[in-house]
Each structure stands twice: as structure tokens, then as C-alpha cells.
Amino acid sequence: MNGYDMFMLGTILPSLMAEWRVSAVEAGLFSSYALFGMMIGALVFGPVGDKFGRKKVVLICTVIFSISTFISGFTDDPASFGIRRFIAGLGLGGVMPNLIAIITEYSPKKLRSTLVAIMFSGHALGGVVASLGAMYLIPNFGWRVVVWLGALPLIFMPKLLIIS
């Protein structure tokens with residue numbers, strides 16, 4: 001879902017530009033807000049994971065990016081959307097360093113780099129799902145549905161809390 005959340009923005013940008021009458025430069029800022037949030041999230045939540053436990057931080061960050069992405073689908077202006085993308089970026093950025101640490105800690109030494117590569121391929125797979133899904137969803141339901149699907153990880157949260 002981390003990859004879905006990052007890449008779905010590219011699929012909805014043309015719709016946002018048309019609806020809010022923003023230029024390509026202004027629309028590009030939405031990606032920058034999320035990326036800046038990711039940078040800060042990685043810098044903050046990486047050490048927090050060291051201190052309080054990586055699994056807990058991954059779950060908290062997943063809740064942050066899922067809720068923020070979901071509520072960004074209800075915004076009606078570029079400023080609110082940008083703020084919510086930044087907050088989503090904080091969560092997205094916090095997930096990655098902690099997942100890398102978990103994978104490297106629990107993986108056998110021989111498989112470590114392979115398993116990290118497989119984990120990162122999930123990020124790209126999320127982008128493929130976002131693109132293919134948006135091809136169907138945007139013409140039929142609009143851009144907001146694509147964004148609201150960012151809340152799907154919340155469905156799995158009760159199960160993940162039990163096993164963590």
C-alpha cells in the first residue's frame with residue numbers, strides 16, 4: 001500500500017488540475033509535499049522504531065498514511081490536499097526504514113539482500129495497481145475513489161495488532 005499511496009497521486013493529477021484549475025507546476029507540488037513528508041518521516045520514525053519497537057512504529061505509520069490519504073479524498077482545495085499529502089508522507093517515510101530493519105534483522109544472512117529487494121518490489125507493484133485501478137476508477141467514479149482506497153490497510157489493522 002505504500003507504493004499505491006505514492007503512485008496513485010500521478011494517476012489523479014490530471015483530474016485535480018482540471019477540477020481545481022491548477023497549473024502543472026502547482027500540481028507537481030503535491031508530490032513534493034509527500035516526498036518532503038517522507039524524508040522527515042524517515043528521519044523521525046527510524047530512530048523512534050529503534051527505541052519503541054519497529055513493528056509498532058510500522059503499524060502507527062501505516063495508520064497515519066492511510067487515514068491522511070483517505071481524508072484527502074474529501075478536500076476541495078489544493079492547500080488542504082497538500083497538507084494531507086505531507087502528513088501521509090510522514091507515515092509513508094516512517095514505514096520504509098523500519099521495514100528494512102525488520103527484514104534485515106529477521107532474514108537469514110544468505111537471503112537478506114534478496115528479501116529486501118522483494119520487499120522493495122512491492123513498492124513498484126503498488127504503483128502498477130494504482131495505475132491499472134485508476135484507468136477504470138477515474139472515468140467511472142472520479143479521482144476521489146482512487147484516493148479513498150488508500151484506507152484499505154486499516155481493514156487489516158485489527159489482525160496486524162493481534163500478531164504484532
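The values are calculated or read from the model by the stated rules, or taken from the named source; none is laboratory data. Here the structure is a predicted model, which means the values were calculated and not measured. Positions of Cβ are backbone-derived with ideal geometry, glycine not excepted, and every protein chain shown enters the neighbour counts. Ligands, DNA and RNA are excluded from the accessible area calculation, which covers all protein heavy atoms including side chains. Shrake-Rupley method; radii C 1.70, N 1.55, O 1.52, S 1.80 Å.
Of 113, 107, 121, all but one fail to be open to solvent by 80 Å² or more (accessible area, probe 1.4 Å), small (Gly, Ala, Ser) and free of Cβ contacts under 8 Å to residues at least 60 places away in the same chain; the exception is 113. Every condition in (1) part of a helix (DSSP H, G or I); (2) more than 28 Å from residue 104 (Cα to Cα); (3) of a type in the set (D, E, K, R) is met by residue 5 except one, and the failing one is (2).
Can you name every residue in the range 52-80 that is open to solvent by less than 10 Å² (accessible area, probe 1.4 Å) and part of a loop (DSSP other than H, G, I, E, B)?
Listed by number, the residues that qualify are 73, 75.
Residue check: is residue 94 at pLDDT 95 or above and open to solvent by less than 40 Å² (accessible area, probe 1.4 Å)? Yes.
Each row is one residue, and each column tells you yes or no for (1) more than 25 Å from residue 162 (Cα to Cα); (2) at pLDDT 95 or above; (3) part of a loop (DSSP other than H, G, I, E, B); (4) in contact with a helix residue (DSSP H, G or I) (Cβ under 7 Å, 6 or more places away or on another chain).
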| position | (1), (2), (3), (4) |
| --- | --- |
| 17 | yes, no, no, yes |
| 22 | yes, no, yes, yes |
| 45 | no, yes, no, yes |
| 48 | no, yes, no, yes |
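Applying the condition of being touching a Pro at 6+ places or on another chain (Cβ under 9 Å) and open to solvent by less than 40 Å² (accessible area, probe 1.4 Å) to the range 25-40 and asking which residue is modelled with the highest pLDDT yields 27. Kindly list the number of the only condition in (1) open to solvent by less than 60 Å² (accessible area, probe 1.4 Å); (2) without any contact (Cβ under 8 Å) to a residue 24 or more places away in the chain; (3) under 21 Å from residue 20 (Cβ atoms) that fails for residue 142. Only one criterion in (1) open to solvent by less than 60 Å² (accessible area, probe 1.4 Å); (2) without any contact (Cβ under 8 Å) to a residue 24 or more places away in the chain; (3) under 21 Å from residue 20 (Cβ atoms) is unmet by residue 142, namely (2).
Of the helices (runs of 4 or more DSSP H) lying entirely inside the range 81-164, those containing at least 2 residues that are out of contact with any helix residue (DSSP H, G or I) (no Cβ under 7 Å at 6 or more places or on another chain) are 112-141, 153-163.
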